Amino acid sequence: MLHTSASLDTVNELVLANHILYQEGIVDGFGHVSVRHDKRADRFLISRSVAPATVKAEDIMECDYEGEPQDARGRKTYLERYIHSEIYQARPDVMAIVHSHSPCIIPFSVTKAGLRPICHMSGFLGAGVPNFEIRDFAGERSDLLIRSRALGADLARTLGSAHFVLMRGHGSTAVGPSLKLAVARAIWAESNAKLQIQSAQLGEITYMSEEEAAATMNTNEALVDRPWALWKARAHALSPAKQL
């Protein structure tokens, strides 16, 4: 039974996004994805606190832009929901957000290597990839998690106008003008990170120019329905949650 006023299509697409992110190796037992409510300008949708691969339609909850669950009915959502609430407040252009701990991203958050686009699918990284250093805001004794609205706001300011932000020792957050593009950017950023690590072992890397990055972003992201169809088919075939 649904406990949200959002459309069933929006709910089902968010469920699918959770499964895709799991099947593509971006999330495991942790990580989360959200989308703005399609009928209410003051809320967003996110799952209750369960592993993404197991998310079902009845797990989807509404939160306001202070990160507070609405009509929770005993359910708890993710501790780091403030990542989502504060970015939505700061960025009206953002329609969906993915937070993950994908493994190839982490090395770039703890070194000065810099995550830069080398693959034409990751041109969105050419807008810059800031790195959120939580020590600058929470001191030396935090658990690196975004546990408050204040830390969420700090993360949103660090993200600025970029499409992707590293989080030192923690992971990353991808944003997009649609749920499909936020998911795609999380997947393509992980792929770029892996390729960049591999390329660095061979020698000097030729990175994309700003102009190339912008052009490839515009071309490839207009075609996001093509990989989305593949990811959807793979998630349907392999996901432990079969409700879609």
Residue pairs within 7 Å by beta carbon, gap of at least six or interchain, first lying in segment 8-21 and among the small types (Gly, Ala, Ser), second modelled with pLDDT of 95 or more, listed first then second, are ALA17/VAL33; ALA17/LEU179; ALA17/VAL183
ALA229 - would you say it is without any contact (Cβ under 8 Å) to a residue 40 or more places away in the chain, out of contact with any strand residue (DSSP E or B) (no Cβ under 8 Å at 6 or more places or on another chain), part of a helix (DSSP H, G or I) and open to solvent by less than 70 Å² (accessible area, probe 1.4 Å)?
yes
Of the candidates GLU211, GLU204, the one satisfying the condition of being in a helix (DSSP H, G or I), open to solvent by 60 Å² or more (accessible area, probe 1.4 Å) and more than 15 Å from TYR22 (Cα to Cα) is GLU211
Residue match in segment 79-93 (condition: open to solvent by 10 Å² or more (accessible area, probe 1.4 Å) and of a type in the set (Ser, Thr, Tyr)):
yes
Let me confirm something: among ASP59, ASP71, which residue is among the acidic types (Asp, Glu), touching a residue at least 12 places away in the same chain (Cβ under 8 Å) and open to solvent by 20 Å² or more (accessible area, probe 1.4 Å)?
ASP71
I need a count of the residues in segment 10-44 that are more than 14 Å from the chain's Cα centre (by Cα), within 23 Å of LEU238 (Cβ to Cβ), open to solvent by 20 Å² or more (accessible area, probe 1.4 Å) and not acidic (Asp, Glu).
3
With the structure loaded, tell me whether VAL175 is within 16 Å of the chain's Cα centre (by Cα), crowded, with 17+ Cβ neighbours inside 10 Å and in contact (Cβ under 8 Å) with a residue 60 or more places away in the chain or whether it fails that test.
yes
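Here is a yes/no grid of residues against (1) loosely packed, with under 15 Cβ neighbours inside 10 Å; (2) closer than 18 Å to ASN12 by Cα; (3) without any contact (Cβ under 8 Å) to a residue 12 or more places away in the chain:
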| position | (1), (2), (3) |
| --- | --- |
| ALA186 | no, no, no |
| SER191 | no, no, no |
| ILE197 | yes, no, no |
| ASN220 | no, no, no |
| ALA237 | yes, yes, yes |
Could you identify the single residue in GLY160, GLY152, GLY126 that is in contact (Cβ under 8 Å) with a residue 40 or more places away in the chain, more than 23 Å from PHE30 (Cα to Cα) and not basic (Lys, Arg)?
GLY126
Being open to solvent by less than 10 Å² (accessible area, probe 1.4 Å), more than 22 Å from ALA235 (Cα to Cα) and within 16 Å of the chain's Cα centre (by Cα) narrows it down to one residue among SER109, SER47; which is it?
SER109
Looking at the structure I just gave you, is ALA138 buried (at least 17 other Cβ atoms within 10 Å of the Cβ), of a type in the set (Gly, Ala, Ser), farther than 15 Å from ALA113 by Cα and without any contact (Cβ under 8 Å) to a residue 40 or more places away in the chain?
yes
Taking the residues in segment 32-51 that are in contact with an Asp or Glu (Cβ under 8 Å, 6 or more places away or on another chain) and outside any loop (DSSP other than H, G, I, E, B) as candidates, determine which candidate is nearest to ALA96 (Cα to Cα).
VAL35
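The values are calculated or read from the model by the stated rules, or taken from the named source; none is laboratory data. Everything quoted here is computed from the prediction, not taken from an experiment. In this analysis, Cβ positions are derived from the backbone assuming ideal geometry, glycine residues included, and neighbour counts consider all displayed protein chains. The protein model used for the area step is the full one, side chains on, heavy atoms only, and it has no ligands, DNA or RNA in it. Shrake-Rupley method; radii C 1.70, N 1.55, O 1.52, S 1.80 Å.
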